[in-house]
Amino acid sequence: MTVSLDLVDVDSLLTDEEVDVRDAARRFADERLRPSLPEWFETASIPARELAKELGALGFLGMHLTGYGCAGLGSVAYGLACLEIEAADSGMRSLVSVQGSLAMYAIWKYGSDEQKDEWLPRMSAGEAIGCFGLTEPDFGSNPGGMRTNARRDGDDWVLNGSKMWITNGSIADVAVVWARTDDGVRGFVVPTSTPGFSAPEIKQKMSLRASVTSELVFSDVRLPASAMLPEARGLSGPLGCLNEARFGIIFGAMGSARDCLETAIAYAGDRIVFDKPLTAYQLTQAKLADMAVELNKGILLAVHLGRLKEKGSLRPEQVSVGKLNNVREAIAIARECRTILGANGISGEYPIMRHANNLESVLTYEGTSEVHQLVIGQALTGESAFR
Ligand code: TGC
Ligand code: FAD
């Protein structure tokens, strides 16, 4: 966070190594991503392979994992990288989180030694791209209802069904796919070149346009016995991965919010209305102050949850507190900043409307705000109100 917005000196809570990671991510975001984002968003196309290799070379893919070429950094360092990358665009952070926290994490946590050796070094280098297929057309918030199934045929598995809204789907080399079996929900490592696998891209997105989103279709996809993730059993397998990616979003959303607020403050300082700068009006200052307070609170919450994660004590409902609060506040900040820019607020020449549009996806994916309210409600009352 820039000095002027870091009202409560969050920087004093960070180690030198975390500041270095944060600064490297900020440089990459400012120099490599930010200049191209208006075009990538408008044309809904990104140079994903190039970006993955560059992100891999900087150590940002699977950076909180150990071994296999991963950087083995702490949770706060990982979160700060997500924050800086999402300050450029949520779609860029999605590329990083789906690769590192979903696809790589699933293999790293639940995979066999052969699966890890085959995929993780290439994925951490950005030479292979992964996706994570949990959501289906009829089962998003309730993944336990999934219809995609894998049945035994001799030693092989035969996979049928479909997944929906899968980030990186049509550019992936490998898909981690969750499917129903006679033994409950199991995960499968599916090379996307396997016959019967296809991944049509979803078009006409009005949000997260600088990110590839696809359907995955499995028509008698035949996989060897070794394709199954041996250590994941039941829904706790994929949900364990979601904790990782949701954690990155707690930081990331604050990056979008910070970029909106920096843009609004700079704009308001230059914009003359009724003969003086917009920053000189009390109404504007009240807006800026309230937003800066929420931004600082959100970043403090993120760092606190990161420290719990580093100690190994972070609970799922605490992740829900962070995801619910920080995405909700980021959207509120983006919307308020938009008002400060007046008509210019809707222009693609400024990043605010792009962030606001992206954050609508961020509010929905990785557990909708309602799902997180229900997780927190269950922790408070002991009652599950999902069904
Ligand atoms: P429920 O009966 O509560 O739990 C089933 C099993 O899972 C365990 N569990 C968890 N384990 C680890 N972490 C968590 N957060 C867990 N929550 C539950 C639970 O203990 C149980 O284990 P076991 O051993 O007893 O079987 O499950 P439910 O069917 O009632 O559903 C609970 C609910 C609604 C909270 C869950 O299904 C949920 O989180 N739904 C939202 C789905 C979601 O977030 N999908 C995201 C897809 S990936 C994505 O969006 C990527 S976006 C791209 C990007 O990140 O950039
Ligand atoms: P639904 O589950 O149909 O929910 C619709 C509405 O009902 C929501 O408001 C929801 O909160 C509400 N609702 C649901 N249950 C309850 C309840 N019990 N009580 C009250 N209200 C309820 N998924 C993946 O697996 N991998 C990915 O890589 C991935 N990437 C994505 C990228 C983008 C850009 C988007 C938009 C989505 C992505 N998703 C991905 C899917 C995402 O995780 C789902 O969209 C999300 O989990 C919600 O599911 P749904 O869209 O089916 O909504």
## Note on the structure
In the neighbourhood of residue 142 defined by beta carbon distances under 11 Å, the net charge of the other residues (Lys, Arg +1; Asp, Glu -1) is -1
### Query
Out of every Cα pair in the chain, what percent are spaced more than 31 Å from each other?
35 percent
### Task
With 22 Å as the limit, write out which pairs from 109/309; 116/311; 163/205 have Cα-Cα distances beyond it, or answer none.
116/311
### Task
Can you give me the three principal axis dimensions of segment 130-233 from its C-alpha atoms, in Å, biggest first?
44, 29, 23
### Message
Could you identify which residue out of 275, 259, 290 has the top mean-square fluctuation in a GNM of the chain using Cα springs shorter than 10 Å?
### Response
275
### Task
Determine, for each peptide in 333-342, 187-196, the mean count of other beta carbons within 10 angstrom over its residues, then list the peptides with the highest first.
333-342, 187-196
### Task
Among 139, 340, 225, pick out the residue whose Cα is farthest towards the positive end of the charge dipole of the chain, where Lys and Arg carry +1 and Asp and Glu carry -1 on C-beta, about the Cα centre.
139
### Task
For segment 239-387, state what percent of all Cα-Cα pairs lands in each successive 10 Å bin, counting from 0 Å until the bin that includes the largest distance.
12, 36, 29, 16, 6, 1
### Query
Summing -39500 (n - 2.57) over the DSSP H runs of n ≥ 4 in the chain and dividing by its residue number, what mean residue ellipticity at 222 nm do you reach, to the nearest 500 deg cm²/dmol?
-16000 deg cm²/dmol
### Query
Per the chain: cysteines with no other Cys C-beta under 4.7 angstrom?
70, 82, 131, 241
### Query
What's the local net charge at residue 32, with K and R +1, D and E -1, over the other residues with C-beta under 10 Å away?
-2
## Note on the structure
Of the accessible area of segment 10-125, computed with a 1.4 Å probe and all protein chains kept, carbon and sulfur make up a percent value of 49 percent
### Mean accessible surface per residue for the chain, computed with a 1.4 Å probe while every protein chain stays in place, in Å²
42 Å²
### Peptides 346-357, 40-51 ordered by average Cβ neighbours within 10 Å, highest first
346-357, 40-51
### Query
Which distance in nm do the two modelled labels at residue 360 and residue 339 give, with both placed 7 Å along the Cα-to-Cβ direction?
2.0 nm
### Query
Roughly what % antiparallel, to the nearest 5, for the DSSP beta bridges in the chain?
85 percent
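The values are calculated or read from the model by the stated rules, or taken from the named source; none is laboratory data. Model, not experiment: these values are computed from the prediction. Glycine gets a Cβ as well: all are built from the backbone with ideal geometry, and neighbour counts include every protein chain shown. Keep in mind that these areas ignore ligands, DNA and RNA; they rest on the heavy atoms of the full protein, side chains included. Shrake-Rupley method; radii C 1.70, N 1.55, O 1.52, S 1.80 Å.
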